[in-house]
Amino acid sequence: MADRPADILKDNLWFNNPVFIQILGICSTLAVTNNLTNTFIMSMGVMFVTGFSSFTVSVMKTLIPRKVRMIVQTLIIAFYVIILDILLRAYLPDISKALGPYVGLIITNCIIMGRAEAFGQSNGPLLSFWDGITSGLGYAWVLMAIAFVRELLGFGTLFGIPVLPTFIPRWTIMVMAPSAFFLMGGLLWIIKTIMLKKEANSGA
Amino acid sequence: MKKDGFLYTVIFSFIVAFVFVFFLSLANQITKPIVEATQKAGFYTSVLNAAGIDPGNDVKATFDAAFPGEDPDVVDLFTTQWNGQSILVRRFSGPGLWGTITGVLAVNGQVDQIIGLEIISHSETPGLGGRIEEDWFKNQFRGENIPSGRIVVKKGTGEVDNNPNNQQVDGITGASLTSKSMETIINDTIQRIKLEAGGN
């Protein structure tokens, strides 16, 4: 396990990316990625929650009894998610409306629990916070890449701005959840191929 | 006290749960007025838009001028005389494909013409059924004559139905079930308005 901030960043963005290496947080990948704006806000939300929950778990780690460790982590995560939901509802009502139930679903994002348990439980608060933020970032760029393709082909827009001429037919499938499976599979394939090639090169 | 002991675990869990929930309730209480104000303003705007009244800069003032003394917390059917025309606006909610669709429907005093339709909340598929909140869909209802008191949402053809006399609007391509739900909800609402307004 890397423990220098730069290594953590590299690990979370690429070598040990939460989405395409650890295959975590897939449910939200399917749900929100048909639109770049929603994906962006969802990613920001996940970054916020992962960062702060890892931080809090790390601060409290010496106090938490082993028996109730998991349930306390869940409580901390749920706390930050609900805070986020409350803040969005009060100050960004339009976005809160667009995201609907998905904000609450951040609680079920396994990346957050995974990082709190695997990293926050055994590292210092600041490093854990950094690990949480970068994990969120690793999640964010993969989701944004998928959302880019889905919004472009499904709606012909990017961030709601029309870019494709209207004579190109829109792909209804791209708007619906199954297309995220295809894109996710395709992306995994491409990235694994690149990684394997690099490994083979460095081995030779 | 032993950290893994029974007593410590119970006390620790209790305190942690108490502290976190306390801060949540606090945040909720502090933001409550803002959330309620936003929701109320959104509702006023929807009612005014459905009735074809320009909400202007001060939504609350326009609403009070158009619907004096009608409190949305109490009533579901709003009546107004606007520019000599009597308008009835009814709040509705009904089942869509994935969840409840809520909104307001405005009709004229004789309930034989739809004035307008606004969607307040829904949980239909974004980009498919979710398009019921788009203007092209809602505007089809505007001015539609409904002598029979019913409207038909056709199978989506991709062509907007601008004929105000055929009692039909075009549905959404790829969202037949949501379109069908809208038809049912609108027709139920028209019937309900007739019943409720019939007493006057």
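Odds and ends about this structure:
- Only helices enter this figure: runs of n ≥ 4 DSSP H residues, each worth -39500 (n - 2.57), summed and divided by the residues of chain A, yield -22000 deg cm²/dmol at 222 nm to the nearest 500.
- Reachable aspartates and glutamates, given that their alpha-carbon falls under 17 Å from the alpha-carbon of residue A:198 and they are not under 8 places away in the same chain: A:11
- Folded to 0 to 90 degrees: helix B:6-50 orientation relative to chain B principal axis, Cα: 20 degrees
- Only DSSP H runs of four or more residues enter the estimate; each adds -39500 (n - 2.57), and after division by the residues of chain B the mean residue ellipticity at 222 nm equals -14000 deg cm²/dmol.
- On Cα atoms only, tilt of A:69-91 relative to the major axis of chain A in degrees: 50 degrees
- Residues with amide H under 5 Å from that of residue B:82, placed H, sequence gap 5 or more: B:87
- Total formal charge among the other residues, if their Cβ is under 12 angstrom from that of residue A:130, Lys/Arg +1 and Asp/Glu -1: -2
- Taking all C-alpha pairs of the range B:58-200, those more than 26 Å from each other amount to 23 percent.
- Cβ-based net charge around residue B:9, under 11 Å, with every Lys or Arg adding one and every Asp or Glu removing one: +4
- Percent RCO, i.e. relative contact order, over chain B, from Cα pairs under 8 Å lying at least 6 residues apart: 14 percent
- Cβ-based net charge around residue B:162, under 14 Å, with every Lys or Arg adding one and every Asp or Glu removing one: -2
- Note on the range A:5-203: Rg/Rh from C-alpha atoms, Kirkwood Rh, equals 1.02.
- Cross-link pairs beyond the 23 Å C-alpha cut-off, checked among A:10/A:97; B:40/B:154; A:61/B:3; B:40/B:155; A:10/A:67: A:10/A:97; B:40/B:154; B:40/B:155; A:10/A:67
- In degrees, nearest ten, helix A:125-155 long axis to first principal axis of chain A (Cα): 10 degrees
Each reported figure results from applying straightforward, stated rules to the coordinates on display, with no laboratory input. This is a predicted model, so every value here is computed, not measured. Glycine also receives a Cβ, built like all others from the backbone with ideal geometry; neighbour counts cover every protein chain displayed.
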